[in-house]
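The structure appears below as structure tokens.
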Amino acid sequence: FVKWLAEEKTGRLIGAHALGPHATELIAEAAVAVRSELTAEELGRTIHCHPTISESWMEAAHCVNGHCINLPPKKR
């Protein structure tokens with residue numbers, strides 16, 4: 001499980017959560033993104049290898065902007 005925390009107005013990434021057996025391997029990318037003051041859109045446009053666990057950061061960045069493609073549709 002990964003989740004981004006982003007500023008609402010700018011989309012700038014300000015924090016992240018990573019839970020699970022590979023969290024220690026994933027958190028470095030989050031730290032670099034926050035330290036570099038990337039926006040969710042910028043990170044979402046970054047190429048991530050597939051299939052990898054690290055591409056979950058890219059998908060989570062897309063979710064910040066409402067552009068998730070690998071989640072089930074929301075119930076109405």
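GNM, the chain, Cα, under 10 Å: largest mean-square fluctuation among Ala40, Ala30, Ala61?
Taking springs between Cα atoms under 10 Å, the residue moving most is Ala30.
Counting other Cβ atoms within 10 Å, keep those with at most 15, restrict to DSSP loop, and tell me which chymotrypsin sites (Phe, Trp or Tyr not before Pro) in the chain are left.
Phe1
Hey, in the GNM for the chain with a 10 angstrom Cα cutoff, which one of Glu59, Glu29, Glu41 fluctuates hardest?
Glu29
Rule-based calculations on the coordinates, nothing more; no lab input. Just so it is clear, the model here is predicted, and its values are computed rather than measured. So basically every Cβ, Gly included, is an ideal-geometry build from the backbone, and we count neighbours across all protein chains shown.
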